[in-house]
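Nothing in this text is a laboratory measurement; each read-out follows from the coordinates by a stated rule. Fair warning: this is a prediction, and the values are worked out from it, not measured in the lab. Quick reminder, even Gly has a Cβ in these numbers, built from the backbone with ideal geometry, and neighbours come from all protein chains shown.
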Amino acid sequence: QKEVEQDPGPLSVPEGAIVSLNCTYSNSAFQYFMWYRQYSRKGPELLMYTYSSGNKEDGRFTAQVDKSSKYISLFIRDSQPSDSATYLCAMDAGNNRKLIWGLGTSLAVNP
Amino acid sequence: GAVVSQHPSWVICKSGTSVKIECRSLDFQATTMFWYRQFPKQSLMLMATSNEGSKATYEQGVEKDKFLINHASLTLSTLTVTSAHPEDSSFYICSARDSGEDSGYTFGSGTRLTVV
């Protein structure tokens, strides 16, 4: 079993839809959870950073962490064609330990 | 926010030559930087952790003598691909974290290496 599981998709939605992206993990030591967006041939861009359980909202993006279920989510409201990219979850246990990555979910938002 | 600058963004080199990739933290100090490799439609694979003033820590299966890492200052780490071969062609990305802030890791824009 991989430490982090993420459905690679592809996921295709119409413009304006609410998008839900998810990752599950197995290591209960993970405390820091991140979502990155990566466009083709570019480095990942940090979207959301959360510590421990709870919700965090930033504009159209909402990140949720449920440590009891070892499940994290990223919601995108009012999705736009410019949101079309690969979304990767990443997490670590702190103290500069290496990030553990999901495979990434490919998202296409159709106009 | 934190910015990481990576150069060059793309490079083509001949087999047997060496290529150096630079990674700079522009507005923060990074005692630790990370080097990743990414193949098409795959996730990031950590190659090594670059520590300022000391030797890098390489992941299992990554050749230390082939991928030379130098982290000479708190804002600069370099990755040199020595004696490059076509199978080294890939997308290389560095990242760093502002140790002074409680934040995620910032990535450079990546370097696409093509060895011909």
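Hey, could you get me the Stokes-Einstein D for the protein assembly as shown, Kirkwood radius over alpha-carbon pairs, 4 °C and 1.567 mPa s, rounded to whole µm² s⁻¹?
Rounded, D is 71 µm²/s.
Just to be sure I understand: if I project the alpha-carbon convex hull of segment B:1-109 onto a plane and average over all orientations, what area do I get in nm²? Kindly include the intermediate steps, with their values, before the conclusion.
Values: hull surface 27.3 nm².
Average projection, Cα convex hull of segment B:1-109: 6.8 nm².
So which residue, out of B:Ser90, B:Ser54, B:Ser15, gets the largest mean-square fluctuation from a GNM of chain B using Cα contacts under 10 Å as springs?
Fluctuation is largest for B:Ser54.
Using Cβ counts within 10 Å as a stand-in for footprinting exposure, how do B:Cys13, A:Cys89, A:Cys23 rank, fewest first?
Ordered by Cβ neighbours within 10 Å, fewest first: B:Cys13, A:Cys23, A:Cys89.
Quote the Stokes-Einstein diffusion coefficient, in whole µm² s⁻¹, for chain A, based on the Kirkwood radius over alpha carbon pairs, a temperature of 20 °C and a viscosity of 1.002 mPa s.
153 µm²/s
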